[in-house]
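The values are calculated or read from the model by the stated rules, or taken from the named source; none is laboratory data. Not measured: the values here are computed from a predicted model. Here the Cβ positions follow ideal geometry from the backbone for every residue, glycine too, while neighbour counts run over all protein chains shown. With ligands, DNA and RNA removed, areas are computed over all heavy atoms of the protein, side chains included. Shrake-Rupley method; radii C 1.70, N 1.55, O 1.52, S 1.80 Å.
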Amino acid sequence: MTKTEKIVVKIGSSLLIGEDGTPRTKWLETLVSDIAGLHQDGNAIIIVSSGSIALGARKLGLEKGGRASLADAQAAASVGQIALSSLWSELLAAQNITAAQMLLTLDDMEDRKRYLNATATLEKLLENRAIPVINENDSVATDEIRFGDNDRLAARVAQAASADRVLLLSDVDGLYDRKPGSETEGQFIGLVETVDDRVMAMAQTESSSGLGSGGMVSKLEAARIANLAGIELSIISGQEDHPLQRYELTNVGTLFKANRSENARKSWLGGRLTSAGRITVDEGAATALKDGNSLLAKGIITLDGQFARSDVVDIIGPDETVIAKGLVEYDAMDCAKIIGRHSSELEALLGYSPRSAVVHRNQMVLL
């Protein structure tokens, strides 16, 4: 790392918590030593840390690591977050670094205004050389409205902070084309240019430790989110001491290249994990969108969802894959009136002067 950068470092439960349910303090000290070195060199560091549920479950004596039920997980997180915050505060204070806690929910990142508030807070903390320690607010998150893993949270935080790179510390060196240890040994993938269907097929959904909620699928989804914002993401091993130093020296890991950089609004759109509805388009419209055009009513086949104007919708191609996300210009009721119609017909159908597009290209990001 030859220039100063803004770096998001994510640590999962399986690395932070030992088999006995207590923090792996000695290993964490080596990690924080690495972080302190980067910080002292002028880099801005953000930590995304799992572990609150695992720590709280041990203190409360809950079964299955606190994940037997949503109520258990929320209670465990409430207790464990205090312990987790204290742990990071003490570790960073030993390196003369101020720690700051931020608890975020999916809604905080999906709502544009709250997303911008989080961005402003991160900017101020980094400006004052504090290190934010971020976790999902599991004490209030529900199964329906949550990130569900801190890999995707780390990517969204990187977007909000306009970070240069994301480092996901894992219990493996990176991505393999099949699960390591299977009958046919997997081939290690050191560089990924694009997270496409072929790459996603290599992923395993399980977290090998049983402590965390993520797996390789969530890491690949995080890579896609980060890359949309022009942010490189790496999966590296956290199994050994000084994992960041090791990566800098050996370059062993999987690097996901950032192929493009959307503007801030499009980056936010592309990274969203929820949508208010779906608009399915025909082949001609799908081709037009890929050529940089807006979505017109004529190219729409079907609608799904009760969306309002300015809601985020998924745009679905004829092959039923999501090809874009965008802010819709009509509510679902009016949009239903103009499906498949030519622009010249819209005013008579709607009873008012129509907007130029159902989803304008400036309010859309291709996936």
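The figures follow:
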| read-out | value |
| --- | --- |
| The chain, helix-only ellipticity at 222 nm - DSSP H runs n ≥ 4, -39,500 (n - 2.57), divided by all residues, nearest 500 | -11000 deg cm²/dmol |
| Alpha-carbon radius of gyration plus Dmax, which is the widest Cα pair, for the range 228-324 in Å | 18.9, 59 |
| Candidate values [x] 22.0, 71; [y] 19.9, 63; [z] 20.8, 68, label of the one derived for Rg and Dmax of the Cα atoms in Å | [x] |
| Backbone HN-Hα couplings from phi across the range 316-329 [Karplus 6.51/-1.76/1.60, Hz, Gly and Pro as x] | 9, x, x, 8, 6, 9, 6, 9, 6, 10, x, 8, 7, 8 |
| Amide hydrogen neighbours beyond the local backbone of LEU367, cut-off 5 Å, H modeled | ALA324, LYS325 |
| Angle between the chain longest axis and helix 150-161 axis [Cα atoms, degrees, rounded to 10] | 70 degrees |
| For VAL9, residues with placed amide H under 5 Å, excluding near neighbours | ILE46, ILE47, VAL48, LEU167 |
| Check: the chain dipole with +1 on Lys, Arg Cβ and -1 on Asp, Glu Cβ, in debye | 800 debye |
| Convex hull volume of the range 310-367 per residue (C-alpha atoms, cubic angstrom) | 86 Å³ |
| Carbon and sulfur %, accessible surface of the range 6-260 computed with the full protein complex present, 1.4 Å | 46 percent |
| For peptides 284-290, 303-309, 216-222, sequence by mean Cβ density within 10 Å, most packed first | 216-222, 284-290, 303-309 |
| Nearby aspartates and glutamates by direct alpha-carbon distance to LYS64 (threshold 14 angstrom, same-chain neighbours under 8 apart not counted) | GLU19, ASP20, ASP72 |
| Distance in nm between pseudo-label sites at ALA93 and ALA276 (7 Å out along the Cβ direction from Cα) | 4.6 nm |
| Taking the chain and dividing mean pair separation by its residue count, relative contact order in percent (alpha carbons under 8 Å, at least six apart) | 14 percent |
| TYR352, TYR176, TYR247, TYR330, reordered so the largest accessible area comes first (probe 1.4 Å) | TYR352, TYR176, TYR247, TYR330 |
| DSSP bridge orientation in the chain - percent antiparallel, rounded to nearest 5 | 40 percent |
| Share of alpha-carbon pairs per 10 Å distance bin for the range 1-118, given as whole % | 13, 38, 33, 15, 1 |
| Cross-link partners of LYS6 among lysines (Cα-Cα below 22 Å; sequence separation of 8 or more within a chain) | LYS124, LYS219, LYS257, LYS266 |
| FRET efficiency, 1/(1 + (r/R0)^6) with R0 30 Å, evaluated for ALA71 and GLU193 via beta carbons | 0.10 |
| Solvent accessible area, Å² - GLU29, 1.4 Å probe, full protein context | 90 Å² |
| Residue-normalised accessible area of the chain, expressed per residue, 1.4 Å probe, Å² | 45 Å² |
| Descending Cα extents along the principal axes, the range 271-366, whole Å | 35, 25, 22 |
